[in-house]
Amino acid sequence: MSARLRVMLADDHAMVRMGFRMLLASHADIEVVAEAEDGERAYQQYEQVKPDVLVMDLSMPGMGGLEALRRLTARDAQARVLVLSAHEDSAHPRRALKAGALGYVCKRSAPEELVDAVRSVAAGRLYLGAELARRLALQDLNGGASPVEQLSEREFAVFLRLAQGESVAQIAEVLHLSANTVGTHLYNIKQKLGASNQAELTLIAVRNGLLDV
């Protein structure tokens, strides 16, 4: 019998982790070996656990999933990360894949899709849900990428937090940046998106499906 796939779950909701743990544990070839409730812990525990696949949410308190993903893949280029997120827009999947994720599955997907995704990512294969892949392909063909996609990775992380109402000081602390650096990012973000204040950034995030209201 071949060794089971060792999976680590990272999501800030305990009930969500429990549900996915039970789903994955119902398959003989998969075992959940560790869990984390935020990006910081996921980043730290990954080095200790060395799972075959890290299944990680993007929206978590403190260091979010995108930042954790960026740091993790910078430290370990062989890390196999599957993003499991409630975000169904196009910007989040593109950012996640660019940051090094091997797969992206929406939380509303069928349970077996998560299982298939875990197996694919463990084997080193890219996995996108059929509907998501179709939507991204159509946008590429039609040249309909969101203007938000012109932001750099760091600017995108700052933009999401600004859109959620966080202050420059709060963002600086969470992302381990100086307030001046965050202020510079804020200026560049507003210039690129044609926004004059933080409220307009929130509106842009909502219009692009990046923020629930």
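The values are calculated or read from the model by the stated rules, or taken from the named source; none is laboratory data. Quick caveat: nothing in here was measured; it's all calculated off a predicted structure. Methodologically, a virtual Cβ is constructed for each residue, glycine included, from the backbone with ideal geometry; neighbour enumeration extends over all protein chains shown.
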Suppose the filter is within 11 Å of the chain's Cα centre (by Cα), on the phi < 0 side of the Ramachandran plot, outside any helix (DSSP H, G or I) and not acidic (Asp, Glu); does ALA96 pass it? no
Could you list, in sequence order, the residues of the range 1-31 that are crowded, with 18+ Cβ neighbours inside 10 Å and farther than 18 Å from LYS107 by Cα? LEU5, ILE30
Need the failing condition index for GLY144 against (1) under 20 Å from LEU193 (Cα atoms); (2) at pLDDT 85 or above; (3) over 18 Å from the mean Cα position of the chain (by Cα); (4) not basic (Lys, Arg), just the number. (2)
Would you tally the residues in the range 41-85 being hydrophobic (A, V, I, L, M, F, W, C) and free of Cβ contacts under 8 Å to residues at least 40 places away in the same chain? 8
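Scan the range 39-47 and give yes if some residue there is more than 14 Å from the chain's Cα centre (by Cα) and farther than 22 Å from ALA123 by Cα, otherwise no. Outline the logic, then answer.
The first filter runs over the range 39-47 and keeps only residues more than 14 Å from the chain's Cα centre (by Cα), leaving 41, 44-47.
Still in the list and also farther than 22 Å from ALA123 by Cα: 41, 44.
Yes.
Among the listed residues ALA68, ALA96, ALA91, identify the single one that is surrounded by fewer than 23 Cβ atoms within 10 Å (Cβ to Cβ) and either not polar (S, T, N, Q) or not assigned by the TED database to the domain that holds GLN44 (or both).
Numbers: ALA68 fails: surrounded by fewer than 23 Cβ atoms within 10 Å (Cβ to Cβ); ALA96 fails: surrounded by fewer than 23 Cβ atoms within 10 Å (Cβ to Cβ).
None of the other options fit; the residue is ALA91.
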Which listed residue, of LEU162, LEU211, LEU203, is closer than 20 Å to GLY39 by Cα and either modelled with pLDDT under 90 or assigned to a loop (DSSP other than H, G, I, E, B) (or both): LEU211
